[in-house]
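> Got a structure for you, written out below as structure tokens; questions coming shortly.
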Amino acid sequence: MRFLLLTLLLFLFSACGKPPLLNKQDSIKHSSHYQSVRVNDYSADLYWNEAPKAYSYLSAQLEFRVNNILSSLPPESEVYLWMPSMGHGGPDIRLEEISQGIYKLDEIYFIMEGDWQIIIKLPQTSTTLNFNYDI
Amino acid sequence: MIFKLILLFLSILSAGKVLASSCCGGNASSNQIIIGDNKYELSVRSSFRNDFGQTTDKGKAIFYDDVKDHTYTTSFDASMLLTDYWQTGLKLGVAHKSIQKGSIQENQAGLTDLGLQLAHEFLPELYYSKWKPRGFLFLSTNIPFGKNLMTSKKLLRSDIRGNGFYSVGVGTLFVKKMGDFTNRFSMEFQKTFDAHEKENTLKSFNKYLLSTGSSYQLTDFWNLGFLISWNYTKPKKIVGTINTRSLSDQYFDTSLFANYLMTPESLLGFTYLDSSLLGKSRNSALYRQFTINYTYQIPL
């Protein structure tokens, strides 16, 4: 019985910290409104909190991977809105890295209906990842 | 008789494992050691795993909403005593992954990893002791048949069916029966070899596993227990045309199991496994898994 108690105590000490069920990341969820883009060794997944639409502030979660490993965006990377048919962008997107390679995107606002892109530009690698939407 | 039954049940517990990719969580312990008075043990397992979230590097949980990520695995284990103190074993499985996120759906099926093991009982129970456990030392190797993080070609990474890397491991297992309880403790170290893809290399990385648990002999036929496993993987580093480095990851698996002795040679086991119940998890998948296993044993 002492052996059992010792091993259990060992795990109770080593397991200290809130278990995932009781430690939820606020305001982030993986929804079914999902898109994924891969270019060479780089990939990005975008989970919208709701279906993207015009005239409304939206939030999303971005996951950026290099060779399938979650990685921070390289320095000087840009994430922005673009409307290719009209040749203009949109309001700035607020970007917060909540974990390595996982970003919370806030204040995404499509100022009109039409075709839109969310562009991730990685200047050091001359790579661009585009998410395309018909809003 | 009861002692034998407990040892038989414990052998099932010791063989308990989950075939899962390291990227996606899953107890990767490789030990499948015969502890009962058997010459051979053959097991067939069928499991269903549901991934329902992931954890950040700060330990926060992100739960999936309306995302399907299911894995169905059927695996076969075989263990054999070579001499009184030496034994060997292998395991191999087939997995079917079904992932749906938004309008993207992927279904992939194929072999998982081939696991081979050699074990030595270095601390046998030759006389009764109140405290001294039985001890085993084991060497294991993993030969992948599926893709890994480096070689995956699928957008949702559904072609990663097992660990996916060549690796070797060394570990030790201690088992002690105390009344109606049988307790176990194991430690394992795994070294994964370099993986190459085009001009990039995922450098060798290490993994550490600790597990402990106990089972209780409820009746002559039923045995109930739990097993808690801590899994820690050191940071992964890619070098080549791109250079990146992940953070370390860790998670705790909690298993609850019940085993039923159908005949003196055959057992039916039920296991529920959850990675979200206990301990701090970082950079890991959150999942639940249910497994049914049938084991046939050939006594000495």
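> Could you grab me the full set of residues in region B:228-253 that are touching a residue at least 40 places away in the same chain (Cβ under 8 Å) and farther than 18 Å from B:Lys207 by Cβ?
Within region B:228-253, the subset touching a residue at least 40 places away in the same chain (Cβ under 8 Å) is B:228-231, B:233, B:236, B:238, B:240-242, B:247, B:251, B:253.
Passing the criteria: B:Gly240, B:Thr241, B:Ile242.
> Being within 10 Å of chain A (Cβ to nearest Cβ) and either buried (at least 21 other Cβ atoms within 10 Å of the Cβ) or at pLDDT 95 or above (or both) is the filter here; which residues of region B:134-151 pass it? Lay out the reasoning, then the answer.
The initial filter retains those residues of region B:134-151 that are within 10 Å of chain A (Cβ to nearest Cβ), namely B:147-151.
B:Lys147, B:Asn148, B:Leu149, B:Met150, listed by residue number.
> Can you tell me which residues in region B:90-134 are among the small types (Gly, Ala, Ser) and within 18 Å of B:Thr73 (Cβ to Cβ)? It would help to see each step written out before you state the result.
Residues of region B:90-134 that are among the small types (Gly, Ala, Ser), as a first pass: B:93, B:95, B:98, B:102-103, B:109-110, B:115, B:119, B:129.
Selection gives B:Gly93, B:Ala95, B:Ser98, B:Ala109, B:Gly110, B:Gly115.
> Also: Anything in region B:196-230 that is in a strand (DSSP E or B), touching a Lys or Arg at 6+ places or on another chain (Cβ under 6 Å) and either farther than 20 Å from B:Gln250 by Cα or more than 9 Å from chain A (Cβ to nearest Cβ) (or both)? List them, or say none.
B:Phe205, B:Asn206
> Report, by residue number, each residue of region A:24-41 that is at pLDDT below 85 and either in contact with a Cys (Cβ under 9 Å, 6 or more places away or on another chain) or surrounded by 15 or more Cβ atoms within 10 Å (Cβ to Cβ) (or both). Show your work before the answer.
The first filter runs over region A:24-41 and keeps only residues at pLDDT below 85, leaving A:24-33.
Matches in region A:24-41: A:Lys24, A:Gln25, A:Ile28, A:Lys29, A:His30, A:Ser31, A:Ser32, A:His33.
Rundown of residues vs (1) more than 30 Å from B:Tyr40 (Cα to Cα); (2) touching a Ser or Thr at 6+ places or on another chain (Cβ under 8 Å); (3) at the interface with chain A (Cβ under 10 Å from one of its Cβ atoms); (4) not in a loop (DSSP other than H, G, I, E, B), yes/no style:
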| residue | (1), (2), (3), (4) |
| --- | --- |
| B:Ile238 | yes, yes, yes, yes |
| B:Thr241 | yes, no, yes, no |
| B:Leu247 | yes, no, yes, no |
| B:Asp253 | no, yes, no, yes |
| B:Met262 | no, no, no, yes |
| B:Leu267 | no, yes, no, yes |
| B:Thr271 | no, yes, no, yes |
| B:Leu277 | yes, yes, yes, no |
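> Please verify whether B:Tyr72 is without any contact (Cβ under 8 Å) to a residue 40 or more places away in the chain and more than 14 Å from chain A (Cβ to nearest Cβ), treating the condition exactly as stated.
Details: without any contact (Cβ under 8 Å) to a residue 40 or more places away in the chain: yes; more than 14 Å from chain A (Cβ to nearest Cβ): yes.
Answer is yes for this residue.
> Taking region B:279-300, which residues are within 14 Å of chain A (Cβ to nearest Cβ), surrounded by fewer than 21 Cβ atoms within 10 Å (Cβ to Cβ) and not in a strand (DSSP E or B)?
Across region B:279-300, the qualifying residue is only B:Lys280.
> Please go through region B:277-290 and give me each residue that is at pLDDT below 95 and farther than 23 Å from A:Asn68 by Cβ, ordered by number.
Passing the criteria: B:Leu277, B:Leu278, B:Gly279, B:Lys280.
> Which of the numbered conditions does B:Phe174 fail, given that it passes all the others? Conditions: (1) without any contact (Cβ under 8 Å) to a residue 60 or more places away in the chain; (2) hydrophobic (A, V, I, L, M, F, W, C); (3) surrounded by 22 or more Cβ atoms within 10 Å (Cβ to Cβ).
If we test B:Phe174 against (1) without any contact (Cβ under 8 Å) to a residue 60 or more places away in the chain; (2) hydrophobic (A, V, I, L, M, F, W, C); (3) surrounded by 22 or more Cβ atoms within 10 Å (Cβ to Cβ), just (3) comes out false.
> Which of the residues that make up region A:104-130 are touching a Phe, Trp or Tyr at 6+ places or on another chain (Cβ under 9 Å), assigned to a strand (DSSP E or B) and closer than 21 Å to A:Asn40 by Cα?
Answer for region A:104-130, where residues must be touching a Phe, Trp or Tyr at 6+ places or on another chain (Cβ under 9 Å), assigned to a strand (DSSP E or B) and closer than 21 Å to A:Asn40 by Cα: A:Gln117, A:Ile118, A:Ile119, A:Ile120, A:Lys121, A:Leu122, A:Thr127, A:Leu129, A:Asn130.
> May I pose another question? Restricting region B:158-192 to residues that are assigned to a loop (DSSP other than H, G, I, E, B) and more than 27 Å from A:Arg65 (Cβ to Cβ), which is farthest from the other protein chains (Cβ to nearest Cβ)? Let's see the steps before the verdict.
Keep residues of region B:158-192 that are assigned to a loop (DSSP other than H, G, I, E, B), which gives B:158-166, B:179-180.
Those left that are additionally more than 27 Å from A:Arg65 (Cβ to Cβ): B:179-180.
Details: B:Gly179: 8, B:Asp180: 11 Å.
Here the answer is B:Asp180.
> Go through region B:108-133 and count every residue that is within 14 Å of chain A (Cβ to nearest Cβ) and part of a strand (DSSP E or B).
Matching residues across region B:108-133 total 1.
> Look at A:Arg65 and say whether it is in a strand (DSSP E or B), over 11 Å from the mean Cα position of the chain (by Cα) and under 25 Å from B:Asp57 (Cβ atoms).
Numbers: in a strand (DSSP E or B): yes; over 11 Å from the mean Cα position of the chain (by Cα): no; under 25 Å from B:Asp57 (Cβ atoms): yes.
Judged against the criteria, A:Arg65 is not a match.
> Can you find a residue in region B:150-157 that is free of Cβ contacts under 8 Å to residues at least 40 places away in the same chain and outside any loop (DSSP other than H, G, I, E, B)?
So the first thing to find is which residues in region B:150-157 are free of Cβ contacts under 8 Å to residues at least 40 places away in the same chain, and the list is B:152-153.
So of that shortlist, the ones also outside any loop (DSSP other than H, G, I, E, B) come out as none.
No, because not a single residue in region B:150-157 is free of Cβ contacts under 8 Å to residues at least 40 places away in the same chain and outside any loop (DSSP other than H, G, I, E, B).
> Scan region B:52-69 and tell me whether some residue there is in a strand (DSSP E or B) and in contact with a Cys (Cβ under 7 Å, 6 or more places away or on another chain). Let's see the steps before the verdict.
Initially, region B:52-69 is screened for residues in a strand (DSSP E or B), giving B:52-55, B:61-64, B:68-69.
Adding the requirement that they be in contact with a Cys (Cβ under 7 Å, 6 or more places away or on another chain) leaves none.
The answer is no, given that none of the residues of region B:52-69 is in a strand (DSSP E or B) and in contact with a Cys (Cβ under 7 Å, 6 or more places away or on another chain).
The values are calculated or read from the model by the stated rules, or taken from the named source; none is laboratory data. The structure presented is a predicted model; accordingly, all values stated were derived computationally and were not measured. Counting neighbours? That spans all protein chains shown, and the Cβs are built from the backbone with ideal geometry, glycine included.
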